[in-house]
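The values are calculated or read from the model by the stated rules, or taken from the named source; none is laboratory data. Predicted model only: the values in this text are computed from it and were never measured. Cβ placement follows ideal geometry from the backbone for every residue including glycine, while neighbour counts extend to all protein chains displayed. Heads up: the accessible areas ignore ligands, DNA and RNA and are worked out on the full protein's heavy atoms, side chains in. Shrake-Rupley method; radii C 1.70, N 1.55, O 1.52, S 1.80 Å.
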Amino acid sequence: MATTNLNADAYHLTRDTAESSRLEAQHEVWKTNVGHLIHPRIAETLPQRDVLVGDVGTGTGAWLLDVARQPNAQNWNFHGLDLSAAQFPPIPSSNIRFSTLNILDPVPADLEGKFDVLHLRLLVMGLPTGTWVTAATNLRKLLKPGGWLQWEEARFGDLVTLQTDLSHFALRTSSEALYHSIRAAVVSRGVALDEIASLESFVGSGGFEDVRLDLLGSDRVLETRKGFSLAVAGAFRGMIKMLASADPEASTWREGGAAWQQLDSIENAMRREELYYSADIMVVTGRRVS
Ligand SMILES: C[S@@+](CC[C@H](N)C(=O)[O-])C[C@H]1O[C@@H](n2cnc3c(N)ncnc32)[C@H](O)[C@@H]1O
């Protein structure tokens, strides 16, 4: 059943310690593949001080804290925002804060027009189908005129499993089958895998100008293939857990059920580098002009 209540916590992954470790590992492989934390077209416009950088859907704050450690950012301020405080890290310094915000709710007056840069990454499991333009519109309201948006997602609706050798054919077809059954189950619950490839146009519809899409392969840097694949497999484990709790009658999703066993063997094959996942990484940037 599609989720229509925009105010609910529609997030389809867990927020436990294993998920926090997965997000931290994923940050490293993602950053290596994308090749930057802040897009160079944004970074070159930022002064040395009086810059407020926000990260919406910050999770563990991995991206935000990494930016805050960069030498040029020592005099900037940082604000991590998320629907839930469950994964917020300890605060390392006085120029960094975290607070809760649902980006689908009306923008609080005290945050309107405050940010110079807003970053988002991997919100796909939290923003239901039909809500992405609302999110983009609210993000624009949070920015100062002249402020920048940088939103990173992958085209997970078109994820493929690739084999590293002809002998891994059966493993690959099993992985593709599992992906398609998880995909169908989560899409029927409102996850926007069918829409995600339109991120650039959602950002434009939210009122951003000078919108640009950079498209990079998740295996652009070969050494990250395994890490990316295991991070995605970890997300699938989280989705299977959520599907099991949403539908306790469906034996396939239950712990130890068919989907778990299939995922175990796919993860093991990924550790042995027999298989890997591949998806296009999208980096969408745009500006609030007025
Ligand atoms: C997969 S995690 C990604 C975390 C982080 N951006 C990263 O790349 O490491 C998605 C995060 O988005 C948050 N989220 C989901 N829906 C949200 C919403 N409507 N408003 C704000 N945060 C949301 C979740 O709580 C979760 O922490």
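Taken over segment 185-208, the residue count meeting the criterion of being open to solvent by less than 60 Å² (accessible area, probe 1.4 Å) and either assigned to a helix (DSSP H, G or I) or without any contact (Cβ under 8 Å) to a residue 40 or more places away in the chain (or both) is 10. In this entry, LEU193 passes the filter for residues that are within 16 Å of the ligand (Cβ to nearest atom) and either within 16 Å of the chain's Cα centre (by Cα) or modelled with pLDDT of 95 or more (or both).
What residue, among those in segment 66-96 that are under 19 Å from GLU152 (Cβ atoms) and of a type in the set (A, V, I, L, M, F, W, C), is surrounded by the fewest Cβ atoms within 10 Å (Cβ to Cβ)? Only one residue fits best here, namely ALA68.
Among the residues of segment 83-125, those identified as of a type in the set (D, E, K, R) and within 11 Å of the ligand (Cβ to nearest atom) are ASP105, ARG121.
For PRO47, the test of being free of Cβ contacts under 8 Å to residues at least 60 places away in the same chain, more than 14 Å from the ligand (Cβ to nearest atom), closer than 30 Å to SER245 by Cβ and surrounded by fewer than 18 Cβ atoms within 10 Å (Cβ to Cβ) is failed. Here ASP280 clears all of (1) of a type outside the set (Lys, Arg); (2) under 21 Å from the mean Cα position of the chain (by Cα); (3) open to solvent by less than 20 Å² (accessible area, probe 1.4 Å) except the condition numbered (3). Of all residues in segment 50-65, those satisfying the criterion of being more than 9 Å from the ligand (Cβ to nearest atom), modelled with pLDDT of 95 or more and open to solvent by 10 Å² or more (accessible area, probe 1.4 Å) are LEU52, LEU65. Residues of segment 12-39 that are of a type outside the set (A, V, I, L, M, F, W, C), more than 15 Å from LEU216 (Cα to Cα), open to solvent by 40 Å² or more (accessible area, probe 1.4 Å) and more than 9 Å from the ligand (Cβ to nearest atom): ASP16, THR17, SER21, GLU28. For segment 148-179, a residue qualifies if it is open to solvent by 50 Å² or more (accessible area, probe 1.4 Å), part of a helix (DSSP H, G or I) and over 30 Å from THR285 (Cα atoms), and the qualifying residues are LEU166, SER167, PHE169, ALA170, ARG172, THR173, ALA177. In this structure, is ASN75 touching a Lys or Arg at 6+ places or on another chain (Cβ under 6 Å), more than 10 Å from the ligand (Cβ to nearest atom) and more than 28 Å from ASP280 (Cα to Cα)? Here the answer is yes, as ASN75 does meet what is asked. A search for C-beta distances below 7 Å between a residue of segment 61-88 that is in contact (Cβ under 8 Å) with a residue 60 or more places away in the chain and more than 27 Å from LEU127 (Cβ to Cβ) and any residue that is near the ligand (Cβ under 9 Å from one of its atoms) and open to solvent by 10 Å² or more (accessible area, probe 1.4 Å), counting only pairs 6+ apart in sequence or on different chains, returns nothing.
Taking the conditions exactly as written (open to solvent by 10 Å² or more (accessible area, probe 1.4 Å), within 14 Å of the ligand (Cβ to nearest atom) and over 12 Å from the mean Cα position of the chain (by Cα)), does THR131 satisfy them or not? Criteria not met by THR131.
Candidates ASP219, ASP214: the one that is in a loop (DSSP other than H, G, I, E, B), out of contact with any Gly (no Cβ under 6 Å at 6 or more places or on another chain), more than 30 Å from PRO108 (Cα to Cα) and open to solvent by less than 50 Å² (accessible area, probe 1.4 Å) is ASP219.
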